[in-house]
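What follows is calculated from the coordinates using simple rules that are stated; it is not laboratory data. If you're wondering where the values come from, they're calculated on a predicted model, not measured in any experiment. Glycine gets a Cβ as well: all are built from the backbone with ideal geometry, and neighbour counts include every protein chain shown.
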Amino acid sequence: MATWVDLKSQGMKRFGEVGAWAFDEWKMLNQNFFYGENKPGAIIWGKTPQGKSLGYYHVSKNLIYLDKNLMRPIYPINDLNWGIQHLNKRIASDVLLHEMIHQRVNQTGGWEGETSHNNERFVDEVNRIAGLLGMDIRAKVIKQATIQGKRIRHNEPGYLTLKELSDFPYSSRTYNYYYGRP
């Protein structure tokens, strides 16, 4: 198994400063939120496999994808005009933290439930981490219910919606957190 130092070196060779930043950030998040227990894996900057999210955790490869669209300018992006100077580190860190929740759930036994977001283990991690971040939010597995003869997901008032749960923690931040003054 590759060490964090080996993986960081590979990330730097392949992605330069943003590669190094991602591994340093992963290490800090791992210590602060996961007791240093997540096992390191590769972090790839590029298109996510499904092509529409900012991050993705590949369960069988222990691989985190971070989309280049986390950097500005968004379009056009090529290897000559994107880099650490374009990175919104707060957004990228939250996307990485989200993928590390998936990593944690996978590395401690996996999940059972409807989706990788709508299951007890992911929801428990969201609630735990929200508390550590000082966020006044609550998450709960969203159950299916029959309402007026239709089978739908019933979201209890006061809890994150499935969209908010799927985009935690960035769905629970204010615009100013990312784009205001630090």
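Of I147, I43, I101, the residue with the greatest mean-square motion in the GNM of the chain, using alpha carbon springs below 10 Å, is I147. Ranking Q31, Y178, M100 by Cα position along the charge dipole of the chain, where only Lys, Arg, Asp and Glu carry charges on their C-beta atoms, puts Y178 farthest toward the positive end. Taking amide H as placed 1.01 Å from N in the peptide plane, the amide H of R153 sits under 5 Å from that of A145, each at least 5 places away or on another chain. Here the extension length gained between E112 and L133 equals 5.0 nm, from 0.36 nm per residue of separation less the Cα-Cα distance.
Helical content of the chain, expressed as a calculated mean residue ellipticity at 222 nm, amounts to -13000 deg cm²/dmol (DSSP H runs of 4 or more residues, -39,500 (n - 2.57) each, divided by residue number, nearest 500).
Springs join every pair of Cα atoms under 10 Å in this Gaussian network model of the chain, and among L160, L133, L96 the largest mean-square fluctuation is at L133.
So which of K8/K52; K68/K140; K39/K89; K27/K140; K89/K143 end up more than 24 Å apart, counting from Cα to Cα? The answer is K8/K52; K68/K140; K27/K140; K89/K143.
Computed over the chain with a Gaussian network model linking Cα atoms closer than 10 Å, the most mobile of Y35, Y57, Y159 is Y35. Computed from backbone phi with θ = phi - 60° and the Karplus coefficients 6.51, -1.76 and 1.60, the 3J(HN,Hα) list for the stretch 155-169 is 9, 6, x, x, 10, 4, 6, 4, 5, 5, 5, 5, 10, 5, x Hz; x is used for glycine and proline.
Of the DSSP H helices in the chain, those that are both long (alpha-carbon extent of 20 Å or more along the helix axis) and hydrophobic (Kyte-Doolittle mean at least -0.5) are 4-34, 89-107.
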